[in-house]
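Asker: Pasting a structure here, questions to come.
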Amino acid sequence: MGQRTPLYDQHLALGAKMVDFGGWDMPLHYGSQVEEHHQVRRDCGVFDVSHMTVVDVTGPQAQTYLQHLLANDVARLDSPGKALYSAMLNERGGVVDDLIVYLTDAGYRLVVNASTRDKDLAWMQARAEGHAVEIRERADLAMLAIQGPSARERVAELVSAARAELVQALKPFQGLPQGDWFIGRTGYTGEDGLEIILPADQAQAFFGELIGAGVSPIGLGARDTLRLEAGLNLYGQDMDEDVSPLSANMGWTIAWEPAERAFVGRGALQTMREDKNRPKLVGLVLEERGVLRAHQVVRVGELGEGEITSGSFSPTLGKSIALARVPAGTGDRAEVEIRGKWYPVRVVKPTFVRQGKVLI
Amino acid sequence: MSNIPSDLRYAASHEWARLEADGSVTVGISDHAQEALGDVVYVELPEIGQQLTAGQEAGVVESVKAASDIYSPVSGEVIAVNALLTDSPEQVNADAYAGWFYRLKPSDTAELDKLLDAAAYKAACDADA
């Protein structure tokens, strides 16, 4: 038996098909993964993401510590509520994890992946040596993501006036506390929406209110196809400790300036940055029938081979799409091997759908 | 609970087979199988005229989640395929027993007797769960 979030019984009552995800028993879907996907793109849905790890970093040297730990620069966060996406790298420039960091009144709040929890906490503790910081995992908190074009409106109808006001006022990628809730206008679907971090003992009631108000519960299955369409990486699939952010479409998250900021992995990244032959992460679209899957081989003419890192069926496009790591010079065509046959694919920027709009 | 009609025979690999009045055998995947797969988005069917032996790969069914091989429950020559599934693979989810895959002219109808009946298949599914 895996770990359970506070919403476990509610998932079962809603008819969820449960699966193991990084040691947690989580809902895969509540009937139809494809319907849930459409629901989020067209209206809104709620995801239980309580398995994700919330870590508060405080203390007089919290900023200098995170400037050392992360490839993005927390000094860019100039007022509480601002957030940024970053990779946490090893000395080889590989990705230990990807995360969101919010600047709070007390310090910083990080949200890291569930499947990497133990590794991340150990890594963070080890790098903290010599810094006056406190690293505190918040296992007392639950997290719900409400995503979709009507998500903020629907949440505003259910919460207190003060929270509703904050929900309306938040700018994209901003997150602020209200009472004992922390509300971020962030997500993993490519749609507008919120991620709400709240005390675990309030999660059941709020989830129940959302369901009661007609907001559909959405499982991890749709979460995966939504993030894939949005071109958002999944840790462990699209990048890991042996992959540089430069080869994972995460170059924009590296803060090279100021040049004197010595973050973990900087030296290795600098060398890779000069290598014009480093592989890149692209999007693939299969025009024929079939489904692209992780680890299928991609052939790019004379340039050599690459590999699909994430692939699935895109409910919005009605065809299969994928993220793939391919040779540097890859143009707009490639081929993928599916069960021994080669299929032509179109190579595109790895963002297929955003805010309900098809971008390819 | 999944639907297991008593007039069909089943393979342990979750295909169903139905002996038709004209002596042909229709093949599909069980309700239990479609439920486990989730939303079906692609089906690869055998070719008409293809000779299949019992247990041989006859096609592929892909859901959003995963790809799964279809094995022919009995031997014979493929005489029809359900082309409707090419455009509407979700038919398999809507009704696994109406959303048939292919029909064959069996080379030995006695092979049907070697398949599981509804009660035995139900027991196999329950043991799976």
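Every number here is computed from the coordinates shown, using simple stated rules; none is lab data. Remember, it's a predicted structure, so these values are computed and weren't measured experimentally. Cβ atoms come from the backbone with ideal geometry, glycine included; neighbour counts cover every protein chain shown.
Asker: Filter the range A:337-352 down to the residues that are at negative phi, over 26 Å from the mean Cα position of the chain (by Cα) and either surrounded by 15 or more Cβ atoms within 10 Å (Cβ to Cβ) or assigned to a loop (DSSP other than H, G, I, E, B) (or both) and list them by number. Steps first, answer last, please.
Answerer: Taking the range A:337-352 first, the residues at negative phi are A:337-338, A:341-352.
Retained after the next criterion (residues that are over 26 Å from the mean Cα position of the chain (by Cα)): A:337-338, A:341-344.
Passing the criteria: A:Ile338, A:Tyr343.
Residue-wise test of (1) part of a strand (DSSP E or B); (2) of a type in the set (A, V, I, L, M, F, W, C); (3) within 24 Å of A:Gly290 (Cβ to Cβ).
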site	(1), (2), (3)
B:Gly23	no, no, no
B:Gly55	no, no, no
B:Leu85	no, yes, yes
B:Trp100	no, yes, yes
B:Asp108	no, no, no
B:Asp113	no, no, no
B:Ala119	no, yes, no
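Asker: If you don't mind, there's one more thing I want to ask. What tally of residues in the range A:297-318 results from selecting those that are crowded, with 19+ Cβ neighbours inside 10 Å and either basic (Lys, Arg) or not in a strand (DSSP E or B) (or both)?
Answerer: Looking only at the range A:297-318, we keep the residues that are crowded, with 19+ Cβ neighbours inside 10 Å, and these are A:298, A:300, A:306, A:308-316.
Going one step further and asking which of them are either basic (Lys, Arg) or not in a strand (DSSP E or B) (or both), we end up with A:315-316.
Selection size over the range A:297-318: 2.
Asker: If I ask for residues that are among the aliphatic types (A, V, I, L, M) and over 16 Å from the mean Cα position of the chain (by Cα), which ones from the range A:114-152 would you list?
Answerer: Correct list: A:Leu121, A:Ala122, A:Met124, A:Ala126, A:Ala128, A:Ala132, A:Val133, A:Ile135, A:Ala139, A:Leu141, A:Ala142, A:Ala151.
Asker: I'm told A:Pro315 meets every condition in (1) in contact with a helix residue (DSSP H, G or I) (Cβ under 6 Å, 6 or more places away or on another chain); (2) more than 10 Å from chain B (Cβ to nearest Cβ) except one. Can you identify the failing condition by its number?
Answerer: For A:Pro315, the exception is condition (2).
Asker: Within the range A:83-103, can you find the residues that are among the charged types (D, E, K, R) and touching a Lys or Arg at 6+ places or on another chain (Cβ under 8 Å)?
Answerer: Of everything in the range A:83-103, just one residue is among the charged types (D, E, K, R) and touching a Lys or Arg at 6+ places or on another chain (Cβ under 8 Å), namely A:Asp97.
Asker: To continue, here is another question. Check the range A:72-88 and report whether any residue there is in a helix (DSSP H, G or I), away from every other protein chain (no Cβ under 14 Å), touching a Leu at 6+ places or on another chain (Cβ under 9 Å) and surrounded by 21 or more Cβ atoms within 10 Å (Cβ to Cβ).
Answerer: Yes.
Asker: Within the range A:1-49, restricting attention to residues that are part of a helix (DSSP H, G or I) and acidic (Asp, Glu), which residue is farthest from the chain's Cα centre (by Cα)?
Answerer: Our first condition is that a residue be part of a helix (DSSP H, G or I); within the range A:1-49, this holds for A:8-13, A:33-42.
Right, trim to acidic (Asp, Glu) and you get A:9, A:35-36.
Numbers: A:Asp9: 25, A:Glu35: 21, A:Glu36: 18 Å.
Looking at the filtered set, the residue picked out is A:Asp9.
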